[in-house]
1. What are the pairs with Cβ atoms under 8 angstrom where one residue, in the stretch 174-192, is under 17 Å from Ile2 (Cα atoms) and the other, located anywhere, is among the hydroxyl-bearing types (Ser, Thr, Tyr) and outside any helix (DSSP H, G or I)? Sequence gap at least six, or different chains.
2. How many residues does the stretch 174-193 hold that are surrounded by 20 or more Cβ atoms within 10 Å (Cβ to Cβ) and farther than 20 Å from Leu108 by Cα?
3. Given the structure, is Ile208 open to solvent by less than 70 Å² (accessible area, probe 1.4 Å), over 19 Å from the mean Cα position of the chain (by Cα), under 20 Å from Cys22 (Cα atoms) and among the aliphatic types (A, V, I, L, M)?
4. Out of all the residues in the stretch 59-76, which are surrounded by fewer than 16 Cβ atoms within 10 Å (Cβ to Cβ) and either modelled with pLDDT of 95 or more or part of a loop (DSSP other than H, G, I, E, B) (or both)?
5. Within the stretch 180-212, can you find the residues that are in a helix (DSSP H, G or I), among the β-branched types (Val, Ile, Thr) and under 19 Å from Ala39 (Cα atoms)?
6. Determine whether the stretch 37-57 contains at least one residue that is in a loop (DSSP other than H, G, I, E, B) and among the β-branched types (Val, Ile, Thr).
7. With respect to Gln122, determine if the residue is outside any strand (DSSP E or B) and either on the phi > 0 side of the Ramachandran plot or open to solvent by 50 Å² or more (accessible area, probe 1.4 Å) (or both).
Amino acid sequence: MIIETFNLTKLYAGKPGCRDICLSVSEGQVFGFLGPNGAGKSTVVKTLLGLLKPTGGQAFIFGRPLGDNQVRRKIGFLPENFRFQEWLSGQELLEFHGAMYGMETRYLKERISAVLEMVKLQGREKGRIQSYSKGMQQRLGIASALLPDPALIFLDEPTSALDPIGRKEVRDIIKDLRSESKTVFLNSHLLSEVEMTCDHVAFIKEGIILDQGRLTNFTGGKRQV
């Protein structure tokens, strides 16, 4: 399993952000984590990423405990609320993030070209981020998350603020990742997006998982594409 959690719990001042989370995500899945705003989805992701310290339970990514530095090198992350340095160009931002990843210059150049093509921003990378539309900024964020060619990608509400065209563009990127056998953990409060994108789904409300399984179990055997 790529991700396994056993009663993972995170409390804030004694109040649950998430409680007794038990998940299993296998390689190559697009896993949908579905729930209303404030349900605890982002808390789970931030805990898995090591940005929050769990209050209880256990979790493993690639078979290693949370916070393992070698595992972190295999993970890409697009947070729900991100802000880039708007005075930079898209190219400069990716170069900056590549340097923080410690990527070798020659390989970084190749990867920037590859991710720009994947998110359909080639030809726009010299423009300042402040001139980008919301959809373009979202795609740039995905490009940054994909820069080190991670095996596991966390996407936190990647389509919630986008118009229908922008949502389709993000869905297409996720489908391309599936075709490359990448594992995608998708947070969303939009049932339609999960139906059109994911293989497996877990439902969370008030910090507790209500149900989980193959998406076809919840759509009458008809997976939408």
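1. If the second residue must be among the hydroxyl-bearing types (Ser, Thr, Tyr) and outside any helix (DSSP H, G or I), the pairs left are Thr183/Ser26.
2. Going through the stretch 174-193, the residues surrounded by 20 or more Cβ atoms within 10 Å (Cβ to Cβ) turn out to be 174, 177, 182-188, 193.
Those still in the list that are farther than 20 Å from Leu108 by Cα too: 174, 183-188, 193.
Within the stretch 174-193, residues that are surrounded by 20 or more Cβ atoms within 10 Å (Cβ to Cβ) and farther than 20 Å from Leu108 by Cα number 8.
3. Spelling it out, Ile208 is indeed open to solvent by less than 70 Å² (accessible area, probe 1.4 Å), over 19 Å from the mean Cα position of the chain (by Cα), under 20 Å from Cys22 (Cα atoms) and among the aliphatic types (A, V, I, L, M).
4. Gly63, Gly67, Asp68, Arg73
5. Val194
6. yes
7. Taking the combined requirement at face value, the residue satisfies it.
Okay, residues lined up against (1) touching a Leu at 6+ places or on another chain (Cβ under 6 Å); (2) assigned to a helix (DSSP H, G or I); (3) not small (Gly, Ala, Ser):
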residue: Ala99; (1), (2), (3): no, yes, no
residue: Arg106; (1), (2), (3): no, yes, yes
residue: Met136; (1), (2), (3): no, yes, yes
residue: Ile153; (1), (2), (3): no, no, yes
residue: Ser160; (1), (2), (3): no, no, no
residue: Gly166; (1), (2), (3): no, yes, no
residue: Glu169; (1), (2), (3): no, yes, yes
residue: Ile173; (1), (2), (3): no, yes, yes
residue: Asp176; (1), (2), (3): no, yes, yes
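The values are calculated or read from the model by the stated rules, or taken from the named source; none is laboratory data. Predicted, not measured: the structure shown is a model, and the values here were computed from it. All Cβ positions, glycine included, derive from the backbone under ideal geometry; neighbour counts span all protein chains shown. Only protein heavy atoms, including side chains, enter the accessible area calculation; ligands, DNA and RNA are left aside. Shrake-Rupley method; radii C 1.70, N 1.55, O 1.52, S 1.80 Å.
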